[in-house]
Amino acid sequence: MEQNDRAIVSLVMVGHAMVHTYELSIPIFVGIWLVSFDPVALGPVTVGVTTATVGLAVTAGYALFGAGALPAGVLVDRVGSRRLIAACLFGMSASFLLLAISPGLLSVTAALLIWGAAASVYHPAGLTLISTGVEERGTAFAYHGIAGNLGIALGPLVATLLLLAVGWQLVAGLLALPALLAGGYALGAEFDEGRATTAADGGSDTTGVESLAEFRRESGALFAGSFVLVFAVVMCSGLYYRGVLTFLPGLLGSLPGFEPVSLSALVGEVGAERTIQTERYVYSGLLVVGVVGQYVGGKLTDRVAVERGLVASFSGLVLIALIFPILAPRGGPALLALCGILGFVLFFAQPFYQATVAEYTPENARGLSYGFTYLGVFGVGAMGGVLAGGLLAYADRTALFLGLAGVAGLGLILGVVLLRRAGRSSD
């Protein structure tokens with residue numbers, strides 16, 4: 001890689017790791033918020049702090065994470081990627097600083113909304129920067145994905161380890177520092193954002209979607225074809241992803257074999273006042289296994305028809321959701337193994353739906369199609385948090401996993417429809 005490529009790849013790796021570090025650290029705090037905050041007085045109405053209300057707050061932030069992808073994709077052509085990535089990093093830092101001083105659920109909700117709005121900018125800006133500025137594009141995407149996976153796996157683990165020593169608000173404040181430093185790095189990095197397109201064709205006159213009418217026309221053309229099925233598939237993936245992960249740490253903590261362990265049992269009386277929250281380590285380990293699943297899925301997209309990969313992924317997710325309530329009362333090694341399988345399959349599915357988008361969209365609408373993809377995965381998918389919180393608050397974990405099985409079952413049906421269409425096209 002030449003210097004311009006290295007500078008861009010370094011920046012997008014940092015940005016991608018930061019986004020996913022914060023995204024998947026948030027569920028670590030959910031269980032703490034449930035027991036730390038008093039009910040919220042909204043005029044004459046008092047709102048309790050339950051899985052439903054906390055799920056709604058988390059969902060609001062995650063929804064903005066997806067909903068902002070479309071306007072960010074349009075804005076990046078006007079403002080440039082560097083400024084938007086810097087704004088994203090500074091915004092995420094500010095949101096966690098607000099978390100650090102939050103006295104209740106309302107301020108936590110405000111902090112999560114700021115995080116979602118800031119984080120939504122990254123994927124359109126980062127992917128555009130790679131596509132326009134890096135000549136060794138394939139290598140850049142590989143490093144970009146690795147950095148995101150590291151954020152997914154290590155972010156929650158770091159938060160969990162910090163919680164052993166200090167309170168959650170100080171942990172949130174400490175987590176704000178890396179994004180603050182990364183934002184400064186983004187402003188100071190030197191590179192040519194358009195080097196790759198200039199080298200390839202002497203520059204491009206394309207400025208993206210120019211008007212609302214053009215946006216409507218391009219979007220209508222996109223959804224007139226099979227992309228409407230692909231969009232429904234990615235929504236199912238997003239709903240399952242957010243629905244299962246948002247409350248999983250707290251859910252595991254209530255099961256046999258995942259009870260907190262007193263540090264006094266490990267290091268003597270000095271650690272008697274501290275406990276190891278076993279479920280947080282299981283959650284972090286699940287995400288580490290997910291890195292392997294994503295790598296394997298990515299490798300297989302070059303060898304297996306994407307439709308078959310979708311069918312296999314959603315079949316696995318259905319089975320996991322049906323088996324979980326059976327194993328939950330027993331806890332122990334069997335449930336631990338199932339959590340590992342969940343992490344693998346959950347992230348195994350992602351490269352397949354990303355590749356499916358490329359298969360079912362024209363090249364000149366690829367940016368817009370990925371904007372809609374992130375809207376479906378992170379925006380509509382954020383409703384999985386509301387689904388999970390509501391089912392846990394008004395029913396039980398069995399209802400939650402049956403609901404998730406239904407979501408994955410719909411994804412499986414859509415995958416089969418795409419597979420049959422692909423077979424008829426091949427014939």
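Computed from the coordinates by the stated procedures, all read-outs in this text should not be read as laboratory data. Source: prediction; values computed, not measured. Cβ atoms come from the backbone with ideal geometry, glycine included; neighbour counts cover every protein chain shown.
Some notes on this structure:
- Two tests apply to each whole DSSP H helix in the chain, Cα reach of 20 Å or more along its axis and mean Kyte-Doolittle hydropathy of at least -0.5, and the ones passing both are 3-36, 51-67, 81-100, 105-119, 137-165, 168-188, 227-245, 278-300, 306-327, 332-359, 397-426.
- For the range 1-190, the residue among V121, V45, A87 whose Cα projects farthest onto the positive side of the dipole built from Cβ charges is V45.
- Both radii come from the Cα set of the range 87-151: Rg as radius of gyration, Rh as Kirkwood radius; their ratio Rg/Rh reads 1.14.
- Farthest positive-ward along the chain dipole, Cα basis, beta-carbon charges - from V58, T278, I28: T278
- Computed about its Cα centre, the charge dipole of the range 1-190 is approximately 200 debye, with only Lys, Arg, Asp and Glu carrying charge at their Cβ.
- Here the chain is described by how far its Cα atoms reach on the three principal axes: 69, 53, 49 Å, from widest to narrowest.
- Values of log10 I(q)/I(0), in the order q = 0.10 Å⁻¹, for the range 1-190 under a Debye, Cα-only, solvent-free model: -0.42
- Put simply, the Cα atoms of the range 1-79 extend 61, 27, 15 Å along their principal axes, the longest span coming first.
- Magnitude of the charge dipole, the chain, Cβ model with Lys/Arg +1 and Asp/Glu -1, debye to 20: 760 debye
- Adding -39500 (n - 2.57) for every DSSP H run of four residues or longer, then dividing by how many residues the chain holds, sets the calculated 222 nm ellipticity at -26000 deg cm²/dmol.
- The equivalent ellipsoid that matches the C-alpha gyration tensor of the range 218-427 spans semi-axes of 36, 17, 16 angstrom, in descending order.
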